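Novice: Mind looking over this structure? Questions follow.
Any read-out appearing in this document is the output of simple, stated calculations on the displayed coordinates, not a laboratory observation. Keep in mind it's a predicted model, so treat the numbers as computed, not measured. Quick reminder, even Gly has a Cβ in these numbers, built from the backbone with ideal geometry, and neighbours come from all protein chains shown.
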Amino acid sequence: MTFNIDETFTSGTGILKIEGSVTLQPYETRKIDLDIEEKYKNDLKIQELRGRIINATVFIEEKLDRILIKKLGEIYNLNKRFSEKIKIFQNFLYNKDFFEINNFQLINDLKTLAKERNKFAHGSVVHHLGEKIMLEYSKNPIKREEISEEYLKRFDELVKSLYTRLDDFIQAY
C-alpha cells in the first residue's frame, strides 16, 4: 500500500510543505525522517527576501505620505492603498505648476515598485531547482520569475533612486 505524504509544517517564519510517498506492507510501520533543517533555511531566506521588498516599499510609501500631507494638508487620508497614493501623487504632479518630463519617470518608477511589492506580498516565493529562488504570482496563467542577484540589485537601485528623488521633492516644494 502506498501513502502519499503531503504535510504542511509551520515554522517560526513561514509554512513548509513536504511532499513524497512511502510504500508500506499491511500492518507495517515506519518512521519517516524529514530534512526539515534545509527546508527551514530556505524558508528563512524566502522570508528575508519578502521582508526586504515589502519594507523597502513601506519606506517609499512613507515619503509619499509626507509629500501628500505637506501639499494636500488635512484633506489627505493616509488610509489608502499604495496604488491609490501613487494616483493622487500623479494627479498632483501633472498639475501645470509641477509638470516636468522627469515626473513621468518618477510615476513610472513608483508604479514599478508597487508592482514588485505586490508580487511578493500576494505571490508565492519558492525554492526550485536547487538554489534558485522562484517567485510565482498571478492566477491565470501563473507567472514564474527567478529572484536573482541581478533582480535584487535592480530593485535596490530603484528604491535608492526613488528615495532620493522623493527627498529632493520634499526639499524643493
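Novice: Over 27 Å between Cα atoms, which of Lys41/Lys80; Lys71/Lys143; Lys41/Lys111; Lys70/Lys119; Lys85/Lys139; Lys80/Lys111 qualify?
Specialist: In this structure, Lys41/Lys80; Lys71/Lys143; Lys41/Lys111; Lys70/Lys119 lie more than 27 Å apart at Cα.
Novice: May I ask you to order 113-125, 134-146 by the average number of other C-beta atoms within 10 Å around their residues, highest value first?
Specialist: Highest to lowest by the protection proxy: 113-125, 134-146.
Novice: Averaged over every viewing direction, what's the projected area of the C-alpha convex hull for segment 35-172? Give it in nm², one decimal, please.
Specialist: Spelled out: convex hull of the Cα atoms, projected over all directions, averaged, 10.2 nm².
Novice: Further question: Just to confirm a number: summing +1 for Lys and Arg and -1 for Asp and Glu over residues other than Gly73 whose beta-carbon lies under 13 angstrom from that of Gly73, what do you get?
Specialist: +1
Novice: Out of the trypsin sites (Lys or Arg not before Pro) in segment 44-83, which ones are loop residues according to DSSP with at most 11 other C-beta atoms within 10 Å?
Specialist: Passing both the DSSP loop test and the Cβ count: Arg81.
Novice: For Cα pairs less than 8 Å apart in space and 6+ apart in sequence, what is the mean separation divided by the residue count of segment 35-172, i.e. the relative contact order in percent?
Specialist: 26 percent
Novice: What share of Cα pairs, in percent, lie more than 19 angstrom apart in segment 113-173?
Specialist: 44 percent
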